[in-house]
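Some notes on the structure that comes next.
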Amino acid sequence: MDILTQVISSGTASDQHFDQVAQSVPSDVLAKGLAGAFRADETPPIGEMVGQLFGNSNGQQQAGMLNQILAALGPVTAASLAGGVLGRVMSPGSSQITPDQASQLSPQQVQQVVEHAHQTNPGIADELASFYAQHSGLIKTLGGAALAIAMAKMKDHITQA
């Protein structure tokens, strides 16, 4: 809580602060903070943030995130998002994306998919936040302001619990 309070009062977060917090809170608290940052007016739109995370991810992580969207929305709905971007890389009849298929997508395409997914199902922010809470090293790539907002949302969640 001390680190969270310190970061919130300064308004920015360093990678070191975030590492300390990420290692000391349960993954569900980290996920709640990240979901709050995805929804915050002070951060870029969720699609832009997830597109950035996607661009900094390895193939396994990229496929895992896209498979979260497929699981949340169903493969037919997800495959039709953003002009069918996912449907074009998926194997016919498949409900999963492989790392090789995920690597065919650009961060901008993923941004569009996530924006459409969020419009279809706003709860996708929670799904994606839970996924990225398992890969906290990637979250740091969002930058200090987004990290500070995520940590403020974590503190809010902790104090409400």
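Computed from the coordinates by the stated procedures, all read-outs in this text should not be read as laboratory data. If you're wondering where the values come from, they're calculated on a predicted model, not measured in any experiment. FYI the Cβ positions are ideal-geometry reconstructions off the backbone, even for glycines, and counts take in every protein chain you see.
Once the Cα atoms of helix 75-89 and of the chain are each reduced to a long axis, what angle between those two axes, in degrees from 0 to 90 to the nearest 10, is obtained? Roughly 80 degrees between the two axes.
Toward the positive end of the charge dipole of the chain, with +1 on the Cβ of Lys and Arg and -1 on the Cβ of Asp and Glu, the farthest Cα among Ala129, Ile69, Gln16 is that of Ile69. Shown here: Rg/Rh (Cα atoms, Kirkwood Rh), derived from the displayed model; of the candidates (i) 0.99; (ii) 0.94; (iii) 1.04, it corresponds to (i). The ranking of Ile69, Ile158, Ile139 by Cβ neighbour count inside 10 Å, starting from the fewest, reads Ile158, Ile139, Ile69.
Residues considered: Asp28, Asp41, Asp19. Largest GNM mean-square fluctuation over the chain, using C-alpha springs under 10 Å, is found at Asp41. Taking Ser80, Ser103, Ser94 in turn, the Gaussian network model of the chain (Cα-Cα springs below 10 Å) assigns the largest fluctuation to Ser94. Helix content alone sets the calculated 222 nm mean residue ellipticity of the chain: runs of n ≥ 4 DSSP H residues at -39500 (n - 2.57) each, divided across all residues, give -23000 deg cm²/dmol.
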